[in-house]
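> Below is a structure I'd like to ask you about.
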Amino acid sequence: MACFLNRLNPVPSGLRVKDLKFCDVPVRVYEPTKVCDGLSRGLIYIHGGGWILGSLDSVDEVCRHIAMKSDTTVVSVGYRLAPEHRYPAQLDDCEAAICHFLSVAEAEFSVDSHRVAVGGDSTGANLAAALCQRLAKREDGHLPFPCAQVLIYPALQMADFNLPSYQQNHAVPILFRGRMAFYFLQYLSEDISVCQDVLEGNHVPTELRPCYKAWLSSSNLPPECLARGFSERQSPEYDGNVYHTVKAGLEPEVSPLLAEDAVLKKTPPTFILTCEYDVLRDDGILYRKRLLDLKRDVNWQHVKHGFHGMINFFNQGWLTFPSALWVMDSVVNYVETL
């Protein structure tokens with residue numbers, strides 16, 4: 001991945017790029033040099049990679065594009081990775097980085113701290129959503145709350161790996177169904193022997209299933225999501241040993257889609273982008289429905305010919321996909337409204 005996707009191009013004119021540390025967390029700051037009246041907007045960007053892959057370099061082109069096209073100061077966060085560092089190290093790093101940036105945004109970067117959004121792709125979007133929920137619960141008035149969350153094909157729950165999108169796209173590159181469960185387990189613990197049990201749903205306690213079913217039911221999806229067919233699974237056997245191995249994965253800080261209504265009501269305006277050929281498609285769509293049911297502001301974009309990980313290939317020469325530019329421009333268009 002590093003050989004093909006992490007080669008850094010010269011910094012273009014009109015952009016200043018600096019590698020810094022915010023509370024010992026490595027960050028890369030992208031500042032447009034264009035003179036503007038007043039304070040600018042900001043975006044904290046969290047890279048994906050299953051909590052075990054990715055780096056500041058892997059999303060360098062993405063952050064450059066957003067910063068340049070939307071005149072936004074973008075801060076990319078180089079959080080610690082699993083398996084050397086388990087949950088909640090990644091989330092703690094992201095929280096430390098955004099809190100530091102919010103505290104110095106105006107004085108050091110000429111950014112309006114009330115116009116700072118947080119976003120990311122894949123598991124980076126998971127961290128962004130979880131971070132917004134954590135900050136909402138801890139809101140103390142000392143720092144502004146993120147003005148929006150930008151979620152690009154987010155991973156939002158590990159309760160059900162048999163949603164229609166998981167069935168329909170289980171073998172579609174670059175993210176396979178079994179690999180997603182593996183990533184969650186690497187994030188949470190060193191025991192990956194329960195991967196098949198998690199895929200079957202044996203880790204979900206019987207008493208929690210009715211609540212999760214209400215949130216994760218295929219009936220909550222648009223009819224077109226069911227067009228390629230799927231089968232309703234019988235209730236799996238509950239295994240208490242598996243649950244105790246992965247129980248943190250059912251907490252909202254790992255599965256933001258499973259948060260209580262009271263927490264979701266506090267989330268900021270949300271941008272969600274999903275791809276048709278992606279096992280995580282339904283996570284984003286179901287999260288959108290929960291937010292809409294709670295009268296939250298949601299902007300949803302769906303890429304009918306898209307697949308998971310498209311933006312990893314953005315501006316990578318012959319590896320670039322045309323739809324990746326559409327994804328990036330959709331993000332830019334939303335950020336410009338903040």
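> Looking at the structure I just gave you, is GLY48 closer than 21 Å to PRO146 by Cβ, open to solvent by 50 Å² or more (accessible area, probe 1.4 Å) and touching an Asp or Glu at 6+ places or on another chain (Cβ under 9 Å)?
Answer is no for this residue.
> Which condition number in (1) part of a loop (DSSP other than H, G, I, E, B); (2) hydroxyl-bearing (Ser, Thr, Tyr); (3) touching a strand residue (DSSP E or B) at 6+ places or on another chain (Cβ under 8 Å) is the one that SER76 fails?
Checking SER76 against (1) part of a loop (DSSP other than H, G, I, E, B); (2) hydroxyl-bearing (Ser, Thr, Tyr); (3) touching a strand residue (DSSP E or B) at 6+ places or on another chain (Cβ under 8 Å), the one that fails is (1).
> Scan region 254-275 and give yes if some residue there is closer than 26 Å to VAL335 by Cβ and of a type in the set (Asp, Glu), otherwise no.
no
Residue-wise test of (1) part of a strand (DSSP E or B); (2) free of Cβ contacts under 8 Å to residues at least 40 places away in the same chain; (3) under 19 Å from the mean Cα position of the chain (by Cα).
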residue	(1), (2), (3)
SER13	no, yes, no
GLU31	yes, no, no
CYS36	no, yes, no
TYR45	yes, no, yes
GLY50	no, no, yes
GLY54	no, no, yes
VAL62	no, no, yes
LYS69	no, no, no
ARG86	no, no, yes
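> Please indicate, with yes or no, whether at least one residue in region 115-126 is open to solvent by 20 Å² or more (accessible area, probe 1.4 Å) and at pLDDT 95 or above.
Within region 115-126 (the criterion being open to solvent by 20 Å² or more (accessible area, probe 1.4 Å) and at pLDDT 95 or above), the answer is yes, since at least one residue qualifies.
> From the set of residues in region 10-31 that are open to solvent by 30 Å² or more (accessible area, probe 1.4 Å) and within 20 Å of VAL331 (Cβ to Cβ), which is modelled with the highest pLDDT?
VAL17
> Would you please name the residue that is nearest to VAL118 (Cα to Cα), looking only at residues in region 267-318 that are assigned to a helix (DSSP H, G or I) and open to solvent by 40 Å² or more (accessible area, probe 1.4 Å)? So that I can check it myself, show each step before the final result.
Kept after step one, since they are assigned to a helix (DSSP H, G or I), are these residues of region 267-318: 281-293, 310-313, 317-318.
From the residues that got through so far, the ones that are open to solvent by 40 Å² or more (accessible area, probe 1.4 Å) too are 288-289, 292-293, 317-318.
On the way: ARG288: 17, LYS289: 20, LEU292: 20, ASP293: 22, GLY317: 28, TRP318: 30 Å.
Residue satisfying both the conditions and the ranking: ARG288.
> Quick check on region 180-217: of everything there that is under 22 Å from the mean Cα position of the chain (by Cα) and among the small types (Gly, Ala, Ser), which residue is nearest to LEU156 (Cα to Cα)?
Restricting to residues being under 22 Å from the mean Cα position of the chain (by Cα) and among the small types (Gly, Ala, Ser), the top hit is ALA181.
Residue-by-condition table, conditions (1) touching a residue at least 24 places away in the same chain (Cβ under 8 Å); (2) under 18 Å from the mean Cα position of the chain (by Cα); (3) under 22 Å from MET310 (Cβ atoms):
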{"site": "SER235", "(1), (2), (3)": "yes, no, no"}
{"site": "LEU258", "(1), (2), (3)": "yes, yes, no"}
{"site": "PHE271", "(1), (2), (3)": "yes, yes, yes"}
{"site": "ASP278", "(1), (2), (3)": "yes, yes, yes"}
{"site": "ASP282", "(1), (2), (3)": "yes, yes, yes"}
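> Conditions first: (1) surrounded by fewer than 19 Cβ atoms within 10 Å (Cβ to Cβ); (2) in a helix (DSSP H, G or I). GLN133 passes all but one, so which condition is the exception?
GLN133 satisfies all of (1) surrounded by fewer than 19 Cβ atoms within 10 Å (Cβ to Cβ); (2) in a helix (DSSP H, G or I) except (1).
> Quick one: which helices (runs of 4 or more DSSP H) lie wholly within region 138-228 and hold at least 1 residues that are of a type in the set (Lys, Arg), open to solvent by 20 Å² or more (accessible area, probe 1.4 Å) and at pLDDT below 95? Reasoning before the result, please.
On the way: elements: 164-168, 177-188, 195-200, 209-216.
Once the helices (runs of 4 or more DSSP H) in region 138-228 are filtered for at least 1 residues that are of a type in the set (Lys, Arg), open to solvent by 20 Å² or more (accessible area, probe 1.4 Å) and at pLDDT below 95, what remains is 209-216.
> Let me ask you something else. Quickly run through region 229-251 and pick out the residues that are of a type outside the set (Ser, Thr, Tyr), over 19 Å from GLN186 (Cβ atoms) and assigned to a loop (DSSP other than H, G, I, E, B).
Across region 229-251, the qualifying residues are GLY229, PHE230, GLU232, ARG233, GLN234, PRO236, GLU237, ASP239.
The values are calculated or read from the model by the stated rules, or taken from the named source; none is laboratory data. Treat the numbers as computed from the prediction; the structure is a model and nothing was measured. Neighbour counts run over all protein chains shown; Cβ positions are idealised from the backbone, glycine included. Remember, those area values only see protein heavy atoms, side chains included, never the ligands or the DNA or RNA. Shrake-Rupley method; radii C 1.70, N 1.55, O 1.52, S 1.80 Å.
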